[in-house]
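Notes follow the structure.
The values are calculated or read from the model by the stated rules, or taken from the named source; none is laboratory data. Model, not experiment: these values are computed from the prediction. No Cβ is skipped: glycine too gets one built from the backbone with ideal geometry, and neighbour counts run over all protein chains shown. For accessibility, only protein heavy atoms count, side chains too; no ligands or nucleic acids. Shrake-Rupley method; radii C 1.70, N 1.55, O 1.52, S 1.80 Å.
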Amino acid sequence: MLAGTGRADHLGAQVLGELNGDVAGDRGAVLVADMKVGERFASPGDLVERLMYGFSPSVCPPDSMSHPGSAATGTAMRPDTFRRYAELAGFATVDTLDVDHDFWRFYRLHAH
């Protein structure tokens, strides 16, 4: 089974854990689309990163903080942070998919 979700900034280990148990099961996978910011912070950031930081303070943390279990990370979540959340949620592997897109980074999470 393959299930999908977007906007990883609204997810955290608790929410990812629910996806792991409820959706992925023993042999399934979860597809996550997240905003494509740099792998590491750099100043000045590129145009996409600047746009994401513009959204983050006014949109993403306030919205994600309104959901129980959210990590309220914000729009500019680095791949290492996402991997840490997925590992805390019990996913065995986190693959970054090779999809050429300006705004989105795609991950495939496997339960086992």
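Annotation note: of Met1, Met35, the sole residue that is open to solvent by 40 Å² or more (accessible area, probe 1.4 Å) and either in contact with a Phe, Trp or Tyr (Cβ under 9 Å, 6 or more places away or on another chain) or modelled with pLDDT under 60 (or both) is Met1. The set of residues from region 47-93 being basic (Lys, Arg), in a helix (DSSP H, G or I) and within 15 Å of the chain's Cα centre (by Cα) comprises Arg83, Arg84. So is Ala29 touching a helix residue (DSSP H, G or I) at 6+ places or on another chain (Cβ under 6 Å), open to solvent by less than 30 Å² (accessible area, probe 1.4 Å) and at pLDDT 75 or above or not? Taking the combined requirement at face value, the residue does not satisfy it.
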